[in-house]
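Peer 1: Encoded as structure tokens, here's the structure I'll be asking about.
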Amino acid sequence: MLNKRQELQNLIDSCESPPDVIAIIEVNPKTHNVQILLSKLSMKGYNIFSHGLDDKNERGVLIFVASDFLVSMVDIPINFQEALFVILRVKGVTGQLLFGTIYCSPSSNEINDSKLYDLLFHVQNNFIMPKLIVGNFNYTNIESHYSSNGGASAWCGRLSANDTKFINAIRENLLYQHVVEPTRQRGSDTPHTLGLVLTSDDFFVSDIEHLSPLGVSDHCVLKFDGYLQIDKVNFSSKFKYN
């Protein structure tokens, strides 16, 4: 991530409007002996939140949030590796959003995958607010297509038992998956849709764009718009006269 920081800044500068939230996964190199300092990753205009940067067994995840947002980190009591959740609020308005980013390693075992399903259940049952979850889930057999019922539906012809459990976890928790085009390809390898965008509302996300990868990565950058209905709070002064 350190060698891609300037490229990320250039991408932000090229946007018509700077993104409000940026999620980064696989921050740590595959082999690393020195902890990455958050101060080396900071960007002007954003507050930064992290998980796993100090763990040699994790790749690490980051969330950058525009500094005009109020942010609260969320403690999720599920021991799934590589996940970070925050609650976002806008100053001067009511309404809040649960935003999370998840990285599921290709080498993840059934125990860790089961904790991922528990994580989705926990989020659904304990946070009564709009939800937006992004990340790299690494389910290579799952292919999606647009559904008339909202979001994307998965082709279920050649799914493994574990793939099916993941699809069921999304459906049972009333989440919508929005990405249908491949997000990862290298050389002549078969393209796969590994990066996903999950929401609690079908109409919350629109205009998903697949941008060029950063650096030599083989994962594209996903850019999209999110719409959250909020109510403005009007403050008025009251004076007490004696």
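Peer 1: Within segment 18-28, can one find any residue that is among the small types (Gly, Ala, Ser), part of a strand (DSSP E or B) and closer than 23 Å to residue 69 by Cα?
Peer 2: Taking every residue of segment 18-28 in turn, at least one turns out to be among the small types (Gly, Ala, Ser), part of a strand (DSSP E or B) and closer than 23 Å to residue 69 by Cα.
Peer 1: Looking only at segment 151-180, filter to residues that are loosely packed, with under 14 Cβ neighbours inside 10 Å and either within 16 Å of residue 205 (Cα to Cα) or touching an Asp or Glu at 6+ places or on another chain (Cβ under 7 Å) (or both); which one of those is modelled with the highest pLDDT?
Peer 2: Among them, the one singled out is 174.
Peer 1: Would segment 35-52 turn up any residue that is loosely packed, with under 12 Cβ neighbours inside 10 Å and closer than 18 Å to residue 105 by Cα?
Peer 2: Within segment 35-52, not a single residue is loosely packed, with under 12 Cβ neighbours inside 10 Å and closer than 18 Å to residue 105 by Cα.
Peer 1: I'm checking my understanding of the structure. Among residues of segment 70-110 that are assigned to a loop (DSSP other than H, G, I, E, B) and hydroxyl-bearing (Ser, Thr, Tyr), which one is nearest to residue 5 (Cα to Cα)? Break it down into steps so the answer makes sense when it comes.
Peer 2: So the first thing to find is which residues in segment 70-110 are assigned to a loop (DSSP other than H, G, I, E, B), and the list is 74-82, 91-92, 95, 104-109.
Within this subset, residues satisfying the condition of being hydroxyl-bearing (Ser, Thr, Tyr) are 105, 107-108.
On the way: 105: 23, 107: 27, 108: 27 Å.
Here the answer is 105.
Peer 1: Criterion first (touching a Ser or Thr at 6+ places or on another chain (Cβ under 8 Å), aliphatic (A, V, I, L, M) and surrounded by 12 or more Cβ atoms within 10 Å (Cβ to Cβ)) does residue 76 satisfy it?
Peer 2: no
Peer 1: Residue by residue through segment 93-141, note down the ones that are in contact with an Asp or Glu (Cβ under 8 Å, 6 or more places away or on another chain), crowded, with 18+ Cβ neighbours inside 10 Å and not polar (S, T, N, Q).
Peer 2: 102, 103, 104, 130, 139, listed by residue number.
Peer 1: Related question: Check whether at least one residue in segment 47-69 is under 22 Å from residue 128 (Cβ atoms), more than 14 Å from the chain's Cα centre (by Cα) and in a strand (DSSP E or B), and report yes or no.
Peer 2: yes
Peer 1: What number of residues in segment 58-71 are surrounded by fewer than 17 Cβ atoms within 10 Å (Cβ to Cβ) and out of contact with any Lys or Arg (no Cβ under 8 Å at 6 or more places or on another chain)?
Peer 2: 2
Peer 1: Would you confirm, using the coordinates I've provided, whether residue 86 is buried (at least 21 other Cβ atoms within 10 Å of the Cβ) and modelled with pLDDT of 90 or more?
Peer 2: Judged against the criteria, residue 86 is not a match.
Peer 1: Further, regarding this structure: In segment 188-208, how many residues are more than 13 Å from residue 226 (Cβ to Cβ) and part of a strand (DSSP E or B)?
Peer 2: 3
Peer 1: Within the bounds of segment 16-38, is there any residue that is in contact with a strand residue (DSSP E or B) (Cβ under 7 Å, 6 or more places away or on another chain), small (Gly, Ala, Ser), within 22 Å of residue 86 (Cα to Cα) and at pLDDT below 90?
Peer 2: no
Peer 1: Please verify whether segment 86-99 includes one or more residues that are farther than 24 Å from residue 128 by Cβ and within 18 Å of the chain's Cα centre (by Cα).
Peer 2: Among the residues of segment 86-99, not one is farther than 24 Å from residue 128 by Cβ and within 18 Å of the chain's Cα centre (by Cα), which makes the answer no.
The values are calculated or read from the model by the stated rules, or taken from the named source; none is laboratory data. These numbers come from a predicted model, not from an experiment. Heads up, the Cβs are rebuilt from the backbone with ideal geometry, glycines too, and the neighbour counts pull from every protein chain shown.
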